[in-house]
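Asker: Let me give you the structure first, and then I'll get to my questions.
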Amino acid sequence: MKKFLLCFLVLTAVSPVKAQTVLYDLNDTVFSGTAGANTFLAGPGSLSQPSPGSSITQTLGTSGNFSYSVGYFDLTSLLALGDSLTISYAVDTSSITTFQNSDQQFRVGLFNSGGSQLTANVGTTSATFNGYDGYVGTYRPNGASGAANTLRERTGTNDLLWSGGSYTTLSGAPTLVSPGTGDFTGSFKLTLVASGVEISSVINGGAAQTVIDTTGTLTSFDTFSIFANPLNNSPTLVFTALSVTTSVPEPSVVGLVGCGLGLGLLRRRRN
């Protein structure tokens, strides 16, 4: 009995590892107009990729005319504690003044489309977006960050996916740091925890800024979107990295193997 108890203690003491699955990356990008399209543009400008796996260039519209990309991946649900979903990105900007010098000019979000998905590029509004729900982070690339740059939940309906009136700031959400001027990196992560869903933002490798949604939590997602509002005419955002991944905790293989070997040796001694 003591031997089995020891084995149990070894298993519980070993830190869990996480199995990661890539749901979307630069190798998966298929633009509107091509069979199997999963990536679209809403608003002025264009999306391009010279070859599969290479960087994506989003050319924005004229000054003050925002646009946003929308990408789809397999429906993924956060079912067990520790399950997570992350969108990660690296952006090269064509100018240190690419973005409008005001709050919320760069935004990143993960959504559930409810099965209503684009089949072609659209203007800034589409009935397709009306029922989307999800979580977002909003940022001010130029200038000091203000309280409007924070973590939000899409709780309303609107044909404009990024309509401000469709979002509610999560209780206790922090003011998100500014990406600064020029190129930047970031990640936006959702994790199922005991009290709800933890929303986490990291910019330029800094400390994670988090909040936990404890009411009306959302756990299923199949869509990402990235919003940008330009200061100049037709600046570009070059995504040198863009991926959506999910991680699921699982028992440590090393712990399991070690425990199995231990039990095998005990059996030999008895024999």
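The values are calculated or read from the model by the stated rules, or taken from the named source; none is laboratory data. This is a predicted model, so every value here is computed, not measured. Ideal geometry is used to build each Cβ from the backbone, glycine not excepted, and the neighbour counts take in all protein chains shown.
Asker: Does any residue of the stretch 191-199 turn out to be under 28 Å from ILE96 (Cβ atoms), surrounded by fewer than 19 Cβ atoms within 10 Å (Cβ to Cβ) and of a type in the set (Val, Ile, Thr)?
Answerer: Within the stretch 191-199, the first condition is being under 28 Å from ILE96 (Cβ atoms), and the residues that meet it are none.
Scanning the stretch 191-199 turns up no residue that is under 28 Å from ILE96 (Cβ atoms), surrounded by fewer than 19 Cβ atoms within 10 Å (Cβ to Cβ) and of a type in the set (Val, Ile, Thr).
Asker: Sticking with this one: So how many residues does the stretch 204-237 have that are more than 18 Å from ASN142 (Cβ to Cβ) and either at pLDDT 95 or above or surrounded by 15 or more Cβ atoms within 10 Å (Cβ to Cβ) (or both)? Can you show your working first?
Answerer: At the first step, the residues of the stretch 204-237 found to be more than 18 Å from ASN142 (Cβ to Cβ) are 205, 207-225.
Okay, now just the ones that are also either at pLDDT 95 or above or surrounded by 15 or more Cβ atoms within 10 Å (Cβ to Cβ) (or both), so 205, 207-214, 217-225.
Number satisfying all stated conditions: 18.
Asker: If a residue must be touching a Phe, Trp or Tyr at 6+ places or on another chain (Cβ under 7 Å) and crowded, with 19+ Cβ neighbours inside 10 Å, how many such residues does the stretch 152-177 contain?
Answerer: Selection size over the stretch 152-177: 6.
Asker: Does THR62 qualify as being among the polar types (S, T, N, Q) and either under 26 Å from THR191 (Cβ atoms) or surrounded by 19 or more Cβ atoms within 10 Å (Cβ to Cβ) (or both)? Give the derivation first.
Answerer: On the way: among the polar types (S, T, N, Q): yes; either under 26 Å from THR191 (Cβ atoms) or surrounded by 19 or more Cβ atoms within 10 Å (Cβ to Cβ) (or both): no.
When the stated conditions are applied, THR62 does not pass them.
Asker: Scan the stretch 178-190 residue by residue and report those that are of a type outside the set (Phe, Trp, Tyr) and crowded, with 18+ Cβ neighbours inside 10 Å.
Answerer: So in the stretch 178-190, the residues of a type outside the set (Phe, Trp, Tyr) come out as 178-183, 185-187, 189-190.
Correct list: SER178, PRO179, GLY186, SER187, LYS189, LEU190.
Asker: If a residue has to be of a type in the set (D, E, K, R) and within 21 Å of THR29 (Cβ to Cβ) to count, how many in the stretch 65-114 make the cut? Reasoning before the result, please.
Answerer: Kept after step one, since they are of a type in the set (D, E, K, R), are these residues of the stretch 65-114: 74, 83, 92, 103, 107.
Now narrow it down to the ones that are within 21 Å of THR29 (Cβ to Cβ): 74, 92, 107.
Looking only at that region, the number is 3.
Asker: Name the pairs whose Cβ atoms lie under 6 Å apart, with the first residue in the stretch 218-230 and within 28 Å of ASN101 (Cα to Cα), the second part of a strand (DSSP E or B) and among the charged types (D, E, K, R), and 6 or more positions between them or separate chains?
Answerer: Matching pairs, first to second residue: PHE227/ARG107.
Asker: Give the residues of the stretch 101-144 that are over 12 Å from SER178 (Cβ atoms), part of a loop (DSSP other than H, G, I, E, B) and hydroxyl-bearing (Ser, Thr, Tyr), sorted by residue number.
Answerer: SER113, SER116, THR119, THR124, THR125, SER126, TYR132
Asker: Just checking, which of GLY206, GLY182, GLY186 is part of a loop (DSSP other than H, G, I, E, B), of a type in the set (Gly, Ala, Ser) and touching a residue at least 40 places away in the same chain (Cβ under 8 Å)? Write out each step before concluding.
Answerer: Values: GLY206 fails: touching a residue at least 40 places away in the same chain (Cβ under 8 Å); GLY186 fails: part of a loop (DSSP other than H, G, I, E, B).
Result of the check over GLY206, GLY182, GLY186: GLY182.
Asker: Let me ask something additional. Please enumerate the residues belonging to the stretch 32-64 that are in a loop (DSSP other than H, G, I, E, B), of a type outside the set (Ser, Thr, Tyr) and touching a strand residue (DSSP E or B) at 6+ places or on another chain (Cβ under 7 Å). If you could, list the steps in order and put the result at the bottom.
Answerer: Residues of the stretch 32-64 in a loop (DSSP other than H, G, I, E, B): 32-38, 43-45, 49-55, 60-64.
Keeping just the survivors that are of a type outside the set (Ser, Thr, Tyr) gives 33, 35-38, 43-45, 49-50, 52-53, 60-61, 64.
Within the stretch 32-64, ALA37, ASN38, GLY43, PRO44, GLY45, GLN49, LEU60, GLY61 meet the criteria.
Asker: If the requirement is being surrounded by 15 or more Cβ atoms within 10 Å (Cβ to Cβ), at pLDDT below 95 and either under 16 Å from SER243 (Cβ atoms) or hydroxyl-bearing (Ser, Thr, Tyr) (or both), which of these qualifies: THR97, THR76? Lay out the reasoning, then the answer.
Answerer: On the way: THR76 fails: at pLDDT below 95.
Sole residue among the options that is surrounded by 15 or more Cβ atoms within 10 Å (Cβ to Cβ), at pLDDT below 95 and either under 16 Å from SER243 (Cβ atoms) or hydroxyl-bearing (Ser, Thr, Tyr) (or both): THR97.
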